[in-house]
Every structure is written in structure tokens, then in C-alpha cells.
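Note sheet for the following structure.
The values are calculated or read from the model by the stated rules, or taken from the named source; none is laboratory data. Owing to the predicted nature of the structure, the values given are computational and were not obtained by experimental measurement. In this analysis, Cβ positions are derived from the backbone assuming ideal geometry, glycine residues included, and neighbour counts consider all displayed protein chains. Surface areas here come from the heavy atoms of the whole protein model, side chains and all, with no ligands, DNA or RNA. Shrake-Rupley method; radii C 1.70, N 1.55, O 1.52, S 1.80 Å.
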Amino acid sequence: MSEPLYPNYLPNRPEGFHPTVDVPYFDAEEPGLRADPAKPHLTKAGVVIDHITPRIGSEVAGVQLTSLTAEGLDEVALLAAERGVLVFRDQDFADVGFDKQREIVSHYGPLHQHPTMGYPEGTGPEFHVVYADEKAGNLRNLLGPRTSYDLWHIDQTFTPNTPSTTFFWVLEKPASGGGDTAFTSLTHAYAALSPAFRGTLASLRLLHTSASVGEVARLGTERALREAVSTTHPLVIRHPVTREPSLFVNPAMARAVEGFLPEESEHLLKFLHEHIRSLDFGCRVKWEPRTVVVWDQRCTAHTAVPDFRDGERRHMVRMIPYGTRPAPAFPELHTTPQ
Ligand code: SIN
């Protein structure tokens, strides 16, 4: 097996269980709301913004994330909220060191400490290392035998405040290709539904739990359930920055509609989980060396595409800041207390 390009970013986790961080509600800022709507740092001469599809995703060329001022970083939050996902190529982000990486992503809010993922030695669980190689195996191993391995989700939605402007960067991509990340717009998925169906959904709330598909695979069902942290969020939220309604469904973590019987919940969510996967609302990001992806978790779900060759190394790092508590898009339709 070849040596990793970034050995200091290999995932480590001290032995023993680290409880899920039960972060109580706190007042959070939305940097996207502070941004100048004209986005001068992202529209100046030399910057080119190329939409991947009209509905989701933009490649942003001519911007070095590590050189942006606070105002520029605010504009990134605004653009990510509008476009769902942003792709920055040719970045020095992977090489600027843990402190600078932490400083930049902390601009968007306190960082989520992952309960079980490994982090680089000398750092902490705010660095989430996504790693595959010959020894660690492909990401598919986590899920056991299946017919297909996409795992659409929003990250870590089991606390009152939820993830917002997320940074994800590549250290090493699979040598034979593959290993893209796919994204889907939850705003456009919502807009595609009939007004009658949208009205029904807008009155509902979902229970989000840390006993996610991933945590059950990592810890076992009994332990994952015993130590679970959970909260409810509206099924249709209003994005805090764009004010657009968005389907806040999370197939990996939100599997029960509040007040529904289990079969009712299962049927409704099965439909919605199929619906959000449509290529109508999605885009796929191919990783190149020095790529950083920034996405907004309130309007976008994502999945790894673990189609790369078994044994090949794929080495990525993610950092997730918390934003505000998701608010219902139509509070007047809610009968349960917020
Ligand atoms: C994630 O689920 O956040 C990681 C996605 C990926 O590995 O492409």
C-alpha cells in the first residue's frame, strides 16, 4: 500500500466511548445575513462563478478561501445558501494547518464535535476525517451488504441548532477515479411538490436522532439507541438566510413523523426520501487535488458515492459549524408547540 500524502491527517480516536455531544439550544448568528447582497468579494474582476446546474451548485474560480476577509467569508455563506453547494478548485486550504482551518470554519459558528469519527492527532473531534484504504476498507463496509450504497443525509441534525455552512476538502482522491460527492437541493425538491401536498407537509415535525444509520453501524443498535440524543424539527423549514422553504428530511437520522403511527411515517418518508434523490435537483462533485467544497446543510442533502476501487485511498476532512435552530416555513400550520 502506498504511503498517504497527508499522514498527519490520518484518523485517530482514543479508545473508549465518547458520548454524543448534547448541545443545548444557543443563540447563533447567520453570517450570510451580514453579507453585502452584491457580494463584492465574489464578483470582483478575476472571479468566475459557473453554475453546475441552474438549480444547485456553482464552481467558483479566482478566489482563495484562506485569503478572504471576514466580509468575504460572509459572502461565501450567502452564496452557499443561494446555490446549495460551492466548489472551489486550486485551494491552499489543505496545507494551511489545523489552526487556520479551524479559524476559518469557526467564522460561521461553533464547531460540531463528532461523537465517533476519527480526527488528526493533536486536534480534536471538530475535524471529521472520512478515510478509506486497503486496511480501513471502502465506505461501503460500514453499511454491510446492500444493492446500492448511496446514503443521502444532512449531517448531525439531532440538536436544536443544526449544521450550517460546512467545509469539506480532499487530501487524496482514489487513484482510479470515482468517490465523488453528490448533492441535492431540498429547496427545489420542495418546490416540485403540489401545493396541496406541500400544505400537508408544512404542518409536520420530524424526530431527528443521533442513532443514525452510521452510528448504529459504528456502535451497534442497542448502544446507539441507549446513548441517543434527539430533537424535533419542522419537516418544512424556512432557510434563515434566503427565506426559501426547504424540505428538511434526513434519511439517515430523521425516521419518524411526530404524531404519526410507524407505518404512516414509514410510507410518507419512503416517498420523500426517493423524491429528494431525483437528478432533477441534484449535482455531483468530482474531486480534484486542492478542491474545497462548501455547502449549506439547511437546503442541501448529500451522499458520498463510494464507487471507487476497493483498497484505494480516499482521504477527506470535514468541519461543520452550527447555525440557528431551523424555523418552520409556515408556523401558522403547526399545531404542536415550537
Ligand atoms: C459526508 O457524508 O459528509 C461525507 C461525504 C463524502 O465522503 O463524500
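Taking trypsin sites (Lys or Arg not before Pro) in DSSP loop conformation with at most 10 other Cβ atoms inside 10 Å as exposed sites, the chain has its longest uninterrupted site-free stretch at 1-134. Spin-label model, Asp92/Thr147: points 7 Å from Cα along the beta carbon direction are separated by 5.0 nm. So how exposed is Met1, as accessible area in Å² (1.4 Å probe, rounded to 10)? Looks like 120 Å² after rounding.
Treating r as the C-beta distance of Asn12 and Glu227 and R0 as 22 Å, the FRET efficiency rounds to 0.55.
Remark on the chain: Rg and Dmax equal 19.1, 58 Å (Cα only). In order along segment 178-188, the phi-based Karplus estimate (6.51 cos²θ - 1.76 cosθ + 1.60, θ = phi - 60°) of 3J(HN,Hα) comes to x, x, 5, 10, 9, 10, 9, 8, 6, 6, 6 Hz; Gly and Pro are listed as x. Computed with the Debye formula from one identical point scatterer per Cα of segment 106-263, without solvent, the log10 of I(q)/I(0) at q = 0.10, 0.15, 0.17, 0.20 Å⁻¹ comes to -0.44, -1.00, -1.26, -1.56.
Using C-alpha pairs below 8 Å separated by at least 6 residues, the relative contact order for segment 35-322 is 33 percent.
Here segment 281-338 is described by how far its Cα atoms reach on the three principal axes: 51, 21, 19 Å, from widest to narrowest.
The Stokes-Einstein estimate for segment 124-179, based on a Kirkwood radius over Cα pairs and taken at 25 °C with 0.890 mPa s viscosity, is a diffusion coefficient of 174 µm²/s. The label-point distance for Thr69 and Leu207, in a model that sets each label 7 Å from Cα toward Cβ, rounds to 4.9 nm. Between the listed residues Phe158, Gly122, Ala80, the Cα displaced farthest toward the positive end of the dipole of segment 35-322, a dipole computed from Cβ unit charges relative to the Cα centre, is found at Phe158.
Kirkwood analysis of segment 184-227, using all unique Cα-Cα pairs, places the hydrodynamic radius at 12.9 Å.
Note on segment 160-177 and segment 191-251: Cα centroid distance 21 Å, given to the nearest whole angstrom. For Ser58, the residues whose modelled amide H falls within less than 5 Å of its own, excluding neighbours fewer than 5 places apart on the same chain, are Ile52, Val85, Leu86, Val87.
Number of Lys-Lys pairs in the chain with C-alpha atoms under 27 Å apart and a separation of 8 or more places or on different chains: 9. For segment 1-148, DSSP calls about 65 percent of its internal beta bridges antiparallel.
Given +1 at the Cβ of Lys and Arg, -1 at the Cβ of Asp and Glu and no other charges, the dipole of the chain around its Cα centre is 460 debye to the nearest 20. Dividing the summed helix terms, -39500 (n - 2.57) for each DSSP H run of n ≥ 4, by the number of residues in the chain produces a 222 nm estimate of -5500 deg cm²/dmol to the nearest 500. For Glu288, the shell of other residues with beta-carbons less than 9 Å away shows a net charge of +3, using +1 for Lys and Arg and -1 for Asp and Glu. When both bridge partners sit in segment 35-322, DSSP labels roughly 95% of those beta bridges antiparallel. Between Phe197, Ser246, Met316, the Cα set farthest toward the positive side of the dipole of the chain (charges on each charged residue's Cβ, about the Cα centre) is that of Phe197.
If R0 is taken as 25 Å, the Cβ-Cβ distance between Arg290 and Lys135 corresponds to a FRET efficiency of 0.45.
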